[in-house]
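Below you'll find the structure, written out as structure tokens, and then a few comments.
Taken together, the values in this text are just the output of simple stated rules run on the coordinates, not laboratory data. It should be emphasised that the depicted structure is a prediction, and the values quoted were computed from it without experimental measurement.
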Amino acid sequence: MNRMIKALALPVLAVALTSVPSFSQDHPDNHAYKQHSEWKPGAKIAQDDWNRGDKVDYKAHHLRKPTEGHEWRMVDGHYVMASQDGHIVSVRPAPHNNHLKSPDEHPQ
């Protein structure tokens, strides 16, 4: 009996491992830092970048309240506040510790 279990265990394990769905994401991690020297107040963020950004609760992240028609998003490890048409108002690097604390060294 043990011999039969062992003989079946390897093929069953192989099938199970090869049928596991891929856990890759459809888009890059918005929390991983990537340099964007082109993102400055007054510049325009690319619509692709803005659309893949995660909306951010400004209070939870100690960011200033966005003016009407603006919002904060997390894109490539940056907090970006921009208008609906993509004009940037403010850019701040997000902290690396789960993005819960405000980076004190970067004033608003």
Stokes-Einstein diffusion coefficient of the range 49-98, Kirkwood radius over Cα pairs, 37 °C, 0.692 mPa s, in µm²/s: 303
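Using 0.36 nm times the number of residues separating Lys40 and Ser83, minus their current alpha carbon distance, what extension gain do you get? Write down the numbers at each step before the final one.
Numbers: separation 43, 0.36 × 43 = 15.48 nm, distance 1.32 nm.
Length gained between Lys40 and Ser83: 14.2 nm.
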Distant-in-sequence amide H partners of Glu71 (H built 1.01 Å from N, under 5 Å): Ala82
Difference of contour (0.36 nm per residue) and Cα-Cα distance, Glu68 to His31: 10.8 nm
